[in-house]
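Please treat every number below as a calculation from the coordinates, not as lab data. Computed from a predicted model, the values in this text were never measured in an experiment. Every residue, glycine as well, gets a Cβ built from its backbone with ideal geometry; the counts of neighbours run over all protein chains shown.
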Amino acid sequence: MTSPINPDPNPDPPTARTTDPALAPRPDPLDTALRLVRAQTAVVKRFDASLSGLHGVSLSDFTLLLHLAQAPGGRMRRVDLAEALGLTASGVTRGLAPLERIGLVAREAAARDARVAYAALTPTGRERLAEMLHTARQVAADHFAPDQWSSEDLTQLSTLLTRLGGTAPEHRHIPRP
């Protein structure tokens, strides 16, 4: 019986052709993409569980706060924040609303143009983000434990994710506590 992922019902037994990486058949790109989506879902669930349980925020909230912390002056125009997060302007507004209500983010009007709105990290937001960063670093350290992931593995994964469109580390400074 064939499957959509592996259409060959009788794959050849391993031979020099399939065990030599240079001669091995190319993996199915769709299968690879779906594995990436499942892996991303698993990582998001781990971060969401810890951040929500300890700080009452989601990974999306944390990411939004982190972008603000990385911005000059701890603030960004909402439209720029939307672009950085890959969201619509209304999506950013919906994401900012609960963070504004709990005092982590404030809305600021531009001094020169009242039509421009900034999202700014509050002092409380900075303090809470430092706590969230500690939690996020621990989740990441647990997820990429040295007994399962070598430094070479992490370097290769980081390089491959950058090729897929992830922001290179040298372009995104993550603040240290």
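Solvent-free Debye calculation, one equal scatterer per alpha-carbon of the range 108-157: log10 I(q)/I(0) at 0.19, 0.29 Å⁻¹ equals -0.73, -1.00. Taking the charge dipole of the range 57-138 about its Cα centre, with +1 at Lys and Arg Cβ atoms and -1 at Asp and Glu Cβ atoms, the residue from 67, 95, 110 reaching farthest to the positive side is 110. Magnitude of the charge dipole for the range 42-174, about its Cα centre and with charges confined to Cβ atoms of Lys, Arg (+1) and Asp, Glu (-1), is about 580 debye.
Sequence gap at least 6, Cα distance under 8 Å: using those rules, report the relative contact order of the range 57-138 to the nearest whole percent.
Normalised by residue count, the contact order of the range 57-138 is 30 percent.
Sorted largest first, the spans of the alpha carbon positions of the range 57-138 along the three principal axes are 41, 24, 23 Å.
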